[in-house]
Amino acid sequence: MDIDGTLLSAQGHLSAANADAVSEAAARGIEIVLVTGRRFHFALPIAEMLPCDLHLIVNNGALTKSLGGETLARHLLPVDTALLALAATREFRDCASVMFDRPAERQLILEKIDWSHPLRAAYFRKNSMFLSEEAPLEKCLNGEDPIQVGFTGNCAPMRRAMQQLAAHAESHRYALSLTEYAERDLSILDVLRAGVTKGMALEEWATLRGFAREQVMAVGDNFNDLEMLEYAGTPVVMGNAVDELKAKGWPITGPNEQSGLADAIRRYALD
């Protein structure tokens, strides 16, 4: 299951109904995987709220980890590809970041941190111990492959950044993952290693655990959930999902504000 817009409410709350349904599924032998665009350390507090063991696929498929932090799979973005992505998006530099798979400090590097940013200030405050500045941003790419290059901003400029990267002559060297919250005018664009998606990582995890795709149920709400839903034998779309997912003809459950995830688990997994 996805986290934001699926497991959590718009305010970031975990409902008792969702927690209970996940817990019951785990108690009945169903394995739980959180599949999210979040970093591991930003997803971990949510995972720890669930009363069961689980795995986490984070950074839109780039990393798969156990609840205890053991890395099961890792697909990093080559340094030269990260440099290419930054060079192709100079006009979006104030929205850009580079993320690394590190224990704590300097996980997320920005050229300049705007602690009063209308869209990002709350995230910066929650993650201050992981943040660092480097100007120009390319200087942080000094030999260690990052997880991703990321952009966060209003929807229209992030769409332009995505179109610019998709049209680049070297676009085959990376994958693009878009998450969009139109009601908040907030969009997150990740540049990942070529081939990396939530669906790729979920298939990799299922193979590792010995499951066929027909045994996998997936629930999501946003553009970055598409490949995960396409892979799953039982895909379920949230009632608050983007229209493009709803148009796929997959079952639709209630919205996240009404614990639609719990309803989906009970209907398609438990009952």
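Computed values, structure above
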item: Mean Cβ neighbour count within 10 Å, used as a protection proxy, ranking 157-169, 46-58 highest first; result: 46-58, 157-169
item: Net charge dipole size for the chain [Lys, Arg +1 and Asp, Glu -1 on Cβ; Debye, nearest 20]; result: 220
item: FRET E, pair Gln164, Leu67, Förster distance 41 Å, beta-carbon r, rounded to 0.05; result: 0.60
item: Sequence-separation-based contact order of the chain, relative, with Cα cut under 8 Å and 6+ spacing, percent; result: 19
item: At R0 = 22 Å, FRET efficiency that the Cβ-Cβ distance of Thr207 and Cys52 yields, to 0.05; result: 0.50
item: Rh by Kirkwood over Cα pairs, then Stokes-Einstein D for the range 92-201 at 1.567 mPa s and 4 °C, µm²/s; result: 88
item: Theoretical ellipticity at 222 nm over the chain - DSSP helices of four or more residues, -39500 (n - 2.57) apiece, nearest 500; result: -7500 deg cm²/dmol
item: Most to least packed among 103-116, 251-264 [average Cβ atoms within 10 Å]; result: 251-264, 103-116
item: Simple Cβ-charge dipole of the range 115-268, Lys/Arg +1 and Asp/Glu -1, about Cα centre, in debye nearest 20; result: 220
item: The range 1-28 versus the range 99-166: alpha-carbon centroid distance in Å; result: 28
item: Label-to-label distance, nm, for residues given as Glu183 and Ser132 (7 Å Cα→Cβ offset); result: 3.8
item: The range 1-113, Cα convex hull volume normalised per residue, Å³; result: 121
item: Label zone at Asp94, where the point sits 7 Å out along the Cα-to-Cβ direction: the range 129-168 residues whose backbone N lies under 19 Å; result: 133-138, 150-162
item: Extension reserve of the Arg125-Glu214 stretch, reckoned as 0.36 nm per residue once the Cα distance is removed; result: 27.9 nm
item: Rounded to the nearest 20 debye, dipole of the range 79-193 from Cβ charges on Lys, Arg, Asp, Glu; result: 180
item: Length gained when the stretch Gln258-Ala87 is fully extended (0.36 nm per residue, less Cα-Cα span); result: 57.2 nm
item: Relative contact order %, the range 79-193, counting alpha carbon pairs below 8 Å whose residues are six or more apart; result: 29
item: Part-to-part distance (alpha-carbon centres) for the range 251-268 and the range 181-216, which is given in Å; result: 20
item: Note, ³J(HN,Hα) from phi for the range 137-147, Karplus 6.51, -1.76, 1.60, rounded to Hz, x at Gly and Pro; result: 4, 4, 4, 6, 8, 10, x, 8, 5, x, 6
item: For the chain, average projected area of the Cα convex hull in nm²; result: 13.3
item: In nm, spacing of pseudo-spin labels at Cys155 and Ala104 (7 Å Cα→C-beta vector); result: 3.9
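Read the figures in this text as sums done on the coordinates, not as results from a lab. Computed from a prediction, not measured in an experiment: that's the story for all the values here. Note that each Cβ is placed from the backbone with ideal geometry, even for glycine, and that neighbours are counted across all protein chains shown.
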